[in-house]
Amino acid sequence: MIIVAAGLLCPGRARAQQNMSKTPAYLTIGGFIDGQYTRDADQNTFFIRRARLSVTGDVTEHLEYKLQTEMAGGVRMIDAFVKCQFCDWLNLELGQFKTPFTLESQYILLNKEGIDYAQAISRLSGYNDPLPGNRTNGRDIGMMVYGNLLSCDGGTYPLLKYHVGVFNGSGINRKDDNLSKDIIARIDIHPLMRNLVLSASLIRGTYADAVNPDAANHRYSFGGEYKDKALTLRSEYVRADIEAGGAVTSTDGFYVVAGWWLPFESSFRLRPVLRYDRLNTAGDSSVLYMTGLDCWPWSHLRLQAGYTLCTEVPAAARRHMFQAMASVKF
C-alpha cells in the first residue's frame, strides 16, 4: 500500500494525470483506501476496512452534489445527496447523508483522531447500531435545513449553527419501515471563541420492532470541542432510550479524546492521541483506554497505530488490542 501511495504522490505522474484529465469543472473524482491490521485475543488479521470512490461537484453557485460508494465487503451506496445553498443562514440538503447527531460522527474518516469511533458514537449514532435495518455509516435518507446565525468577530465565524432534519430512521439504502419519521437536530454554539464549540443534539424517532410498528427510539447528546492548529480536545455524553417489546432499555456512553500535533517545520505531521471511552449497557460497562499515533508523511498518505486496553465492569475482564492502519487518499 505504501508503494501505491508513493506512486500516487510522484510529481511526474501527478502532472501527467492533470494534463490527461478531461473531466469538466463540475465533476471531481476522488476517494480513499484504508488497509488495517488488528491483533487481539480473537483475531490476528490484515483486511481492507474501506475502499471508497466519490464523485462531487458544484453544478451552480448554489447547488452541489456528492455520490460516494463503498466497495470493501460488497458494493453499496454511502452518500447520494444534493445541497441547495440559499444564504448563510438557510441551506437545504436532500438525499442520503450523515445525520447531524453528535459531534464526532460529523468527522470525515481521514480527519478523526483514532482508528475507531468511540463506543457511544459507534453504538448510538448509527454505525454499529443495536436496532434492525441497515444502520451503518451514520447515515440515513431524508432532508435537512441548516445554517449559521449571529456572526462574531466581524462575521469571521458564527455564534450559533443549527441543523434540523427529517429522516426515514431506517438506515442507508432502505425505505421507511413505518408511517412515522425521525426528527434529528443539533445546535453548535461558539461562546465568543472561534476554537471552542459547545454542542447538543437529539433524535426523536420510532422504528418497527416485533410487536410495535412505532416503538420509541429517543436519543440525545451533549459535549464540546476545543480545536486549534496543534490541540484537539473533545468530549461527549450520549444516551439512547429504546423501546423493545413494550419495555424501554437505556444505554449511555461517555468519551474524552485528545490529540496534539507536534511542531515539525516540514509538511510531515505527527500527533500522539489519548482517549478514555466508556459504554454502559444493562448494568454492564465496557471501558477502553486507547493511546496511539497519527502520522501524515505526505498529504496523500496517513499512517496510524494504536494500543487499547479493554476492561469490562463488573466482570473485570481485560483484553489487549493492537491496531494499525494505512490510508491512501486520491
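The values are calculated or read from the model by the stated rules, or taken from the named source; none is laboratory data. Fair warning: this is a prediction, and the values are worked out from it, not measured in the lab. FYI the Cβ positions are ideal-geometry reconstructions off the backbone, even for glycines, and counts take in every protein chain you see.
Output the residues belonging to the range 79-138 that are hydrophobic (A, V, I, L, M, F, W, C) and farther than 29 Å from GLY253 by Cα.
Listed by number, the residues that qualify are ALA80, PHE81, VAL82, CYS84, PHE86, CYS87, TRP89, LEU90, LEU92, LEU94.
Among the residues making up the range 244-263, those that are farther than 30 Å from ASN212 by Cβ and either at pLDDT below 95 or not in a strand (DSSP E or B) (or both) are TRP261, LEU262, PRO263. Note on the range 75-94: residues that are under 17 Å from ARG174 (Cβ atoms) and polar (S, T, N, Q) total 0. In this structure, is LEU160 touching a residue at least 12 places away in the same chain (Cβ under 8 Å), within 18 Å of PHE222 (Cβ to Cβ), in contact with a strand residue (DSSP E or B) (Cβ under 8 Å, 6 or more places away or on another chain) and surrounded by fewer than 19 Cβ atoms within 10 Å (Cβ to Cβ)? When the stated conditions are applied, LEU160 passes them. Considering only residues in the range 131-150 that are modelled with pLDDT under 90 and not hydroxyl-bearing (Ser, Thr, Tyr), the one that is farthest from the chain's Cα centre (by Cα) turns out to be LEU150. Each residue in the range 172-203 was checked for being surrounded by fewer than 18 Cβ atoms within 10 Å (Cβ to Cβ), assigned to a loop (DSSP other than H, G, I, E, B) and hydrophobic (A, V, I, L, M, F, W, C), and 3 pass. Filtering the range 43-70 to residues that are surrounded by 15 or more Cβ atoms within 10 Å (Cβ to Cβ), more than 22 Å from TYR162 (Cα to Cα) and of a type outside the set (Ser, Thr, Tyr) leaves ARG49, ARG50, ALA51, ARG52, LEU53, VAL55, GLY57, ASP58, LEU67, GLN68, GLU70.
Table: residues versus (1) in a strand (DSSP E or B); (2) surrounded by 18 or more Cβ atoms within 10 Å (Cβ to Cβ).
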residue	(1), (2)
ASN212	no, no
ARG234	yes, yes
GLU265	no, no
TYR276	yes, no
SER285	yes, no
PRO297	yes, no
ARG302	yes, yes
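The residues on offer are VAL238, VAL166, VAL248, and the sole one that is surrounded by fewer than 18 Cβ atoms within 10 Å (Cβ to Cβ) and either under 29 Å from VAL313 (Cβ atoms) or of a type in the set (Ser, Thr, Tyr) (or both) is VAL248.
Would you check which residues across the range 99-111 are buried (at least 22 other Cβ atoms within 10 Å of the Cβ) and within 8 Å of the chain's Cα centre (by Cα) and list them?
Hits for the range 99-111 are GLU104, SER105.
Condition first: of a type in the set (Lys, Arg) and within 26 Å of LEU309 (Cα to Cα). Can you find one or more residues in the range 128-142 that meet it? Checking the range 128-142: not a single residue is of a type in the set (Lys, Arg) and within 26 Å of LEU309 (Cα to Cα). Taking first residues from the range 175-189 that are on the phi > 0 side of the Ramachandran plot and touching a residue at least 12 places away in the same chain (Cβ under 8 Å) and partners that are assigned to a strand (DSSP E or B) and not small (Gly, Ala, Ser), no Cβ contact under 7 Å between residues at least 6 apart in sequence or on separate chains turns up. Of all residues in the range 98-122, exactly one satisfies the criterion of being free of Cβ contacts under 8 Å to residues at least 60 places away in the same chain and β-branched (Val, Ile, Thr), namely ILE108.
Each row is one residue, and each column tells you yes or no for (1) assigned to a loop (DSSP other than H, G, I, E, B); (2) surrounded by fewer than 17 Cβ atoms within 10 Å (Cβ to Cβ); (3) not aliphatic (A, V, I, L, M).
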residue	(1), (2), (3)
ASP79	no, no, yes
CYS84	no, yes, yes
ASN91	no, no, yes
GLN96	no, no, yes
ARG123	no, no, yes
ASN137	yes, no, yes
